[in-house]
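Shown next, in C-alpha cells, is the structure this report addresses.
The values are calculated or read from the model by the stated rules, or taken from the named source; none is laboratory data. Note that this is a predicted model, so its numbers are computed, not measured. Neighbour counts are summed over all protein chains in view; Cβ atoms, including those assigned to glycine, are modelled from backbone coordinates with ideal geometry.
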C-alpha cells in the first residue's frame, strides 16, 4: 500500500474547477507494488470539515467513479473522473441523503444545467453554466405549464420563454426576445430550432401594463412577456409562417404568450407563394371580420363584409374579367341564404327580420323558434323562397296576438311550411306578393289559427 502526502497540483483539483475549494491532505492507495495505481482513499477538507474520497487511481490520476463521504460515512458527493478531471453528472447530498445539487461537469468545470435544492427538495436555483460560471437562469413560467423563462444572470434580461424536455433542451414552442422585447415564436426539437412560427417586426413587442424599468415587459424573468399585448406600438406587425417557412400573414394582432397570438385589426393573408395577397382587410380573434377584399391570382373576387371568417353582410362578387357577378347579402358564407339548422332558437322569444335586406332564401329547420310568437317578413325585395321545417314556431298552446305575416315581398315565389309549424298561431297573413306561385302547408300547419288573410296575390 502506498500512503503519503501528494502535492495538490498532482492529485488535487485545478484552482478554477468545481472542486477547487477542496484541499487534499493525503492519499492512500491499495496496492502491493507501491505504485500510484489502485483503489484510493483521498483525505480532503472543505469549509472547515474533513471528508474522504473513494476513487480509483491510475498512474496517480483519478479515474472512474468518485464518492466523497461525510465523516460519519454518509454520501456527500457522487461524481466521475476521466484522466484526473471530473466529468459528467455530479450529485451533492445532505447527511440525511437528500440531494441538494445536481449538475454536469466537463473538464472539471460546471457546464450545462445545474439545479440546487433546499432541504424540502424545492428548487432554489436552476440554470445553465458555461465554463464553470453561471450565465443563464431558468424559472417556471407562471400560467404556462411546462414552460420556463430563461434570463441572463447579469442584468436579468429575459431571453426566452420555452418548453423543455427532461434533459433541459428546448423542445416545443419557444418565445424569443431581443433587448427585452418579444421578437419571435419558434418550434424546437431536442434543442434544435426547427420552425419559425411567427415574428414581430421592428423593435418587437414590449410589455403592456407591467410598470417595469424602462417599460420593457420582456425584461423581467419572473413576469416577462406573458402579460397581455394589445400592440402598443403601431409600427410593430405580426408575420406568420407556414410549415415550409413561407409567409402566410402580415398585419395587426392581439394576445399574449399564455393565450396565444391571433390576427386582429388590419392585415393581409397571402397565397402559398407568400407574395400574392389572398385577403386584405379586417380581422378579429384570428378570423376575417369586418370589411375586406378577397383575391385570386391578384384578381378581386369579393369585396364586402365578413364575420367569423366567412362572407357575411353586404358585398360584391367579381369574375376573372373584373365583371360584377352579383351584389347583395351573404350570410355565413352563402349568398342570399338565411339558414338555421334543427333545434335552433328555442331560447328566443322574438324573430327580427329588419336586417334581411338582400336575402333570396329563408330556410329554417325542424323544431326551431318554438317560443317565438311573431314571424314577420316584410319589404324584402330580393326574397324568392321561404321554407320552414316541422314543429317550428309551434307555441305550446295558443298565445293571443301571435301572428305569421309575409307581405310586400315583390320577388317571393315559393312558400313551404312543414308539419305542425305555426300550429298555435292566432293569425296568418299573406299580402302583396305579386310573383307568388306556390304555397305548401303540410299537416296541421296553422291548425289552431283563427284568422287567415290572402290579399293582393298573383292572379
Taking the stated definitions as given, is residue 430 part of a loop (DSSP other than H, G, I, E, B), assigned by TED's automatic domain parsing to the domain that holds residue 359 and at pLDDT 95 or above? no
When you scan segment 340-357, do you find a residue that is outside any loop (DSSP other than H, G, I, E, B) and either modelled with pLDDT under 95 or not assigned by TED's automatic domain parsing to the domain that holds residue 426 (or both), even just one? yes
Checked against (1) more than 30 Å from residue 260 (Cβ to Cβ); (2) crowded, with 16+ Cβ neighbours inside 10 Å, residue 283 satisfies every condition except (1)
For residue 182, the lone unmet condition from (1) under 27 Å from residue 275 (Cβ atoms); (2) more than 18 Å from the chain's Cα centre (by Cα); (3) modelled with pLDDT under 95 is (2)
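Out of curiosity, is residue 120 at pLDDT below 95, closer than 19 Å to residue 167 by Cβ and in the same structural domain as residue 89 (by TED's automatic domain parsing)? Even if it seems obvious, please write down each step before you answer.
Details: at pLDDT below 95: yes; closer than 19 Å to residue 167 by Cβ: no; in the same structural domain as residue 89 (by TED's automatic domain parsing): yes.
The answer is no for residue 120.
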Within the bounds of segment 99-117, is there any residue that is buried (at least 19 other Cβ atoms within 10 Å of the Cβ) and touching a helix residue (DSSP H, G or I) at 6+ places or on another chain (Cβ under 9 Å)? no
Filter result for residue 167 (assigned to a strand (DSSP E or B) and without any contact (Cβ under 8 Å) to a residue 60 or more places away in the chain): no
